[in-house]
Amino acid sequence: MSSIVNAVAARAKIVSLGVGVLGLAGCVAGWIVAPGDFFVAYLFGHFFFLGLSLGALALLMTHHLTSGYWGYSVRRFLESAVSTLPLLAVLFVPVFFGLPQLYPWKNPSVIAADEILRSRLYYLNTPGYVIRSAVVFAIWIVMARFLLKWSAEQDATVSVEPTRKMRTLSGPGLVIYPVTMTFAAIDWLMSLEKDWYSTMFAVMICIGQMLGALAFVILLLSVAADSRQLGPVISKEETFHKIGNLLLAFTMLWAYLEFGQLLITWSGNLPHEISWYLNRVTDGWRWVCVFLFLFNFFVPFFLLLMRPVKRRYQVLASVAACIFIAHIVDVWWTIAPSLHPEHVYVTWWAVIAFLGIGGIWSAAFLKNLERRPAVPLNDPRFAVAVPA
Amino acid sequence: MSETYGLLAEFSTPEALMHAAEEAYAAGFRQMDGYAPFPVEGLPEALGKKNRLPLLVLIGGIIGGLGAYFMEWYANAISYPINIGGRPTNSWPSFIPITFELTVLCAGLTAFFASFALNGLPRPHHPLFSIPEFDRASQDRFFLCIETKDPKFHPNETRAFLQQLNPVSITEVPE
């Protein structure tokens with residue numbers, strides 16, 4: 001059976017694996033030499049690639065529910081990203097050893113000075129953190145397993161049963177994803193700030209993940225667009241037009257949520273709510289805010305309003321690349337200023353952790369990609385969705 | 001006999017109308033229009049019709065957005081400044097919702113009124129209504145009308161030109 005992966009991708013897999021192994025070796029060095037800088041970087045690298053996988057999971061379930069034409073051509077990319085979740089669960093383990101470097105609720109002097117934080121210690125503690133992390137990963141992996149298993153069954157049978165099962169899981173799955181992500185976001189990211197809380201934060205993270213994952217699969221699809229395996233199944237212009245519309249919707253939704261949280265915080269003006277923003281507008285961090293506004297929303301928004309931009313995949317791919325790069329900055333901006341609010345802070349360890357986790361992740365992604373046929377076979381809704 | 005509005009050619013398929021529109025445009029006709037029971041993709045472009053609506057809607061939206069922000073800035077920072085919880089008088093995050101709403105409102109109203117204006121509406125009568133066959137433009141026939149105000153229009157030559165496109169019929173439309 002044909003596969004998207006050709007000789008180039010096979011070489012890419014070996015290169016990614018090499019980069020990943022070297023990067024992870026660098027991570028070990030970082031852990032020993034500079035644990036303070038390293039764990040922030042590692043959390044960033046991990047959360048970025050976890051975001052791609054979870055965003056892909058949410059997009060995959062959205063597609064199972066809606067069976068839109070945009071999804072058939074990218075479904076294998078989404079499924080391959082989802083299948084890396086067990087790997088990401090293993091790669092999360094080092095974070096458990098960095099809790100004192102990362103979180104104020106592990107810092108005795110901060111706890112002693114902060115009554116609010118003391119009252120939260122019954123929830124924010126090491127066993128709770130580890131157990132909740134294990135549970136959310138288990139839920140994600142179980143959902144991913146079932147979706148991948150049924151997808152493989154769908155390829156092998158003409159029965160509609162696997163398709164029906166995938167749709168049945170996807171409805172509740174799209175509710176489970178933001179709920180589990182709420183717990184994960186509170187533990188992993190929100191508790192980086194000592195008193196701060198926001199009820200909008202988790203959904204903001206979810207939409208950011210879906211935006212990043214969508215930009216990622218658009219980039220891959222533009223690379224695969226000329227491949228013969230995809231050729232007869234997808235109409236390039238139609239697919240890119242529809243998926244471009246989806247990208248527009250997600251960058252608007254991202255901006256809407258980011259602004260919604262800012263407006264509520266601005267209107268309330270309460271000390272425990274504004275600390276997150278105060279840490280992100282000092283010195284050069286404010287220019288990072290401007291960068292994110294421009295390249296995660298403003299520029300892509302106006303470009304994606306134009307029909308020709310969406311119908312020419314080379315152009316759409318450059319918009320997706322812009323969003324993808326901005327999303328990397330977004331994840332760093334979500335994490336790093338909480339620990340280093342005074343000045344803009346970047347460390348080489350972030351690059352090393354990004355390449356290490358990213359390399360291993362990409363190798364696993366490509367390996368999963370080549371195992372499956374390039375497009376879904378026997379999907380009963382596919383024939384309807386493909387225009388003649 | 002009264003003035004003539006134009007020559008109306010009747011076709012039975014959208015493809016024939018598309019072909020006729022392309023031929024007529026290539027022959028240099030500009031003052032013409034196509035009529036079909038449903039939107040035929042590509043027909044406006046084939047007839048050389050430019051849609052100015054998107055540009056007008058964009059301008060309407062920008063005016064609405066700038067106007068809204070100016071209104072709030074002027075009211076809160078210049079005309080009647082009040083200290084609200086220590087925030088700056090030019091409190092931009094609070095101004096964004098109204099700016100957004102008025103952008104959408106002005107763009108929407110521009111779209112509504114501009115599409116009326118660009119379509120020449122309201123228009124109680126049109127010369128084509130006097131042609132009995134033209135009723136089928138809303139059912140199953142596709143029409144191309146080349147108007148007499150086109151500088152290249154000539155009663156006999158234009159009729160001969162339309163004839164070689166194999167229409168179902170050609171009708172002279174009185175003014």
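Only the coordinates and a few stated rules stand behind these numbers; no lab work does. For clarity, every value in this text was computed on a predicted model and none was experimentally measured. With ideal geometry, Cβ positions are generated from the backbone for all residues, glycine too; neighbour counts draw on all protein chains shown.
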Mean separation of Cα contacts under 8 Å (6+ apart) over length of the range B:53-118, as relative contact order %: 55
Between 0 and 90°, nearest 10: helix A:271-281 axis offset from chain A longest Cα axis: 70
With Cα atoms, 0 to 90° folded angle of helix A:126-156 axis to chain A main axis: 0
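Give the Rg/Rh ratio for the protein assembly as shown, taking Rg as the radius of gyration of the Cα atoms and Rh as the Kirkwood radius, to two decimals.
On the way: Rg = 29.9 Å, Rh = 27.7 Å.
Result for the protein assembly as shown is an Rg/Rh of 1.08.
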Sparse-neighbourhood loop sites, chymotrypsin sites (Phe, Trp or Tyr not before Pro) in the range A:120-198 - DSSP loop, at most 10 other Cβ within 10 angstrom: A:Tyr122
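Over chain A, what is the mean sequence separation of C-alpha contacts under 8 Å (at least six apart), divided by residue count, expressed as relative contact order in percent?
So the answer I get is 37 percent.
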For the range B:53-118, alpha-carbon Rg over 2.2 N^0.38 Å: 1.35
Residues A:Val175 and A:Leu377, FRET efficiency given R0 of 41 Å [Cβ-Cβ distance, rounded to 0.05]: 0.90
0 to 90° range, to nearest 10: angle between helix B:14-26 axis and chain B longest Cα axis: 90
Rg to Rh quotient for the range A:92-178, alpha carbon positions, Kirkwood Rh: 1.25
Whole-number Å³ per residue for the convex hull built on Cα positions in the range A:273-388: 181
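Can you give the Kirkwood hydrodynamic radius of the range A:209-351 from its Cα pairs, in Å with one decimal?
Values: mean 1/r = 0.0604 Å⁻¹.
Evaluated over the range A:209-351, this radius sits at 16.6 Å.
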Between the range B:117-158 and the range B:1-67, the alpha-carbon center distance in angstrom: 12
Inter-centroid distance (Cα atoms) of the range A:286-321 relative to the range A:98-156, Å: 33
Sorted by Cβ density within 10 Å, fewest first, the residues A:Tyr256, B:Tyr5: A:Tyr256, B:Tyr5
Gaussian network model of chain A, springs between alpha carbon atoms under 10 Å - residue of A:Pro337, A:Pro373, A:Pro271 with greatest fluctuation: A:Pro271
For the range A:44-197, convex hull of alpha carbons as volume per residue, Å³: 111
B:His126/B:Asn51 FRET efficiency (R0 22 Å; Cβ-Cβ; nearest 0.05): 0.60
